[in-house]
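Below is one structure, written out as structure tokens; comments come after it.
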Amino acid sequence: MAAKAGILATWLSSAQARDIELSDAATAYLERARRRVAELARVGEEQAAAHGLTVLKGRRIAAHMPGWMLRQSGDADLVAPDEEALWHCVLDLSARYDAVPQGVSVMDGEFGRHVCVAMKWPAEEAHLDKPMGADVSTCAFTGDLKGVPVRAVPPEHDDLCGLFAVAEERFQRKFHIKDLLDFSVLAELAERRLGDALVSVVREHAEALALAPELRALIRKTAPWSPLSRRWRETLDELGPAGKAEKARRRPGRAGVARLRFGFPLDTVPSREMRATVHRRPGGDVATTPLGSCLLVENPVLTEDVVVEAVDYARTLAAEGGESHASHRDR
């Protein structure tokens, strides 16, 4: 059941803490999971220190859990202060860990441009475990790309940053048991820090971050499993009207909503600039980046002709250094 719920290593850590005897295989799995989490935490701290990035979730949540409990981690979530820092981080990951890009996403809007890059490299046990990874972005929360705006800066304190980072996951998937564990720990931490101000502070952040419906759903899902305090019950009630108002704002044309385009890789020829430069063309815009060129598409299903034309165009850019296409560039 723990494996099906995606919390096998966490459950094994709790069993070990209760002196339940584990098999050699289970112990080996748990210790490998611990090394994975420690490595991802180290990567996050390393990149934050080197390039001025902010770590979301991960160690910022795990640090407040009981010492015996292992909080599982799939990758490191990193927010860069600007695009130059993002590319420095991405190239650093490539050089240190032989990490390769799994995707480059470009989001445009009235706010300008945000870029997200997913990097992957082999796990310690490559045949059994998911790859190690780091998601590096110039914004903290991307929303649903329909009616929820991009929010670039996360809350400062660990408790609120974690709470809303977990709530944001609802745009990608349903909440998991891991999310309920995270909320239980962070909710207690926030209440200890804020006291009676909890209700108003959480509501104000939920409204500012456009996450009142998602946070309310997270609280409601956790409540039957982990009883809420009086303050959190009041917070749940306060988030009701805020959630309805937020849902009413989620409509086409809302300010700050991003247009997302995925980067289909065309080559590995690095650009001269530490940024993504978009070259406009009738057959689909091509972005040159420090990792290589990519075709920007909204639909990931492409015909062979479209790809061939884009590859040829990227070769032309590489041969000419991109300078002859300056009139087509969108910086």
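The values are calculated or read from the model by the stated rules, or taken from the named source; none is laboratory data. Predicted model, so just to flag it, every value in this text is computed and none were measured. A quick note on method: Cβ atoms are made from the backbone with ideal geometry, for glycine too, and the neighbour counts reach across all protein chains shown. Accessible surface areas use protein heavy atoms only, side chains included; no ligands, DNA or RNA. Shrake-Rupley method; radii C 1.70, N 1.55, O 1.52, S 1.80 Å.
How many of the residues in the range 232-244 are farther than 18 Å from PRO155 by Cβ and open to solvent by 10 Å² or more (accessible area, probe 1.4 Å)? Give the derivation first.
Here is the first cut: in the range 232-244, the residues farther than 18 Å from PRO155 by Cβ are 233-234, 236-237, 240-241, 243-244.
Within this subset, residues satisfying the condition of being open to solvent by 10 Å² or more (accessible area, probe 1.4 Å) are 233-234, 236-237, 240-241, 244.
Qualifying residue count, the range 232-244: 7.
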Cβ-Cβ under 6 Å pairs, at least 6 apart or on other chains, the range 246-275 side among the polar types (S, T, N, Q), far side buried (at least 17 other Cβ atoms within 10 Å of the Cβ):
THR268/GLY292; SER271/THR288; SER271/THR289; SER271/PRO290
Could you grab the pairs with beta carbons closer than 6 Å, sequence gap of 6+ or different chains, first residue in the range 285-302 and on the phi < 0 side of the Ramachandran plot, second one among the hydroxyl-bearing types (Ser, Thr, Tyr) and surrounded by 13 or more Cβ atoms within 10 Å (Cβ to Cβ)?
VAL286/SER293; VAL286/TYR313; THR288/SER271; THR288/THR277; THR289/SER271; PRO290/SER271
When residues of the range 123-133 are filtered for being in contact (Cβ under 8 Å) with a residue 12 or more places away in the chain and surrounded by fewer than 20 Cβ atoms within 10 Å (Cβ to Cβ), how many remain?
5
With respect to GLY240, is the statement that it is in a helix (DSSP H, G or I), out of contact with any strand residue (DSSP E or B) (no Cβ under 8 Å at 6 or more places or on another chain) and touching a residue at least 12 places away in the same chain (Cβ under 8 Å) true?
yes
Within the range 26-36, can one find any residue that is surrounded by fewer than 20 Cβ atoms within 10 Å (Cβ to Cβ) and modelled with pLDDT under 95?
no
Of all residues making up the range 100-122, the number that are open to solvent by 70 Å² or more (accessible area, probe 1.4 Å) and closer than 19 Å to SER73 by Cβ
2
Residues that are more than 21 Å from SER94 (Cβ to Cβ) and open to solvent by less than 10 Å² (accessible area, probe 1.4 Å), drawn from the range 134-155:
CYS139, PHE141, GLY143, GLY147, VAL148
Given (1) in contact with a strand residue (DSSP E or B) (Cβ under 8 Å, 6 or more places away or on another chain); (2) part of a helix (DSSP H, G or I), identify the lone condition not met by LEU145.
(2)
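Scan the helices (runs of 4 or more DSSP H) fully inside the range 1-96 and keep the ones with 2 or more residues being among the charged types (D, E, K, R) and either at negative phi or under 23 Å from the mean Cα position of the chain (by Cα) (or both). Spell out the reasoning first.
Numbers: elements: 8-17, 24-51, 59-62.
Those helices (runs of 4 or more DSSP H) span 24-51, 59-62.
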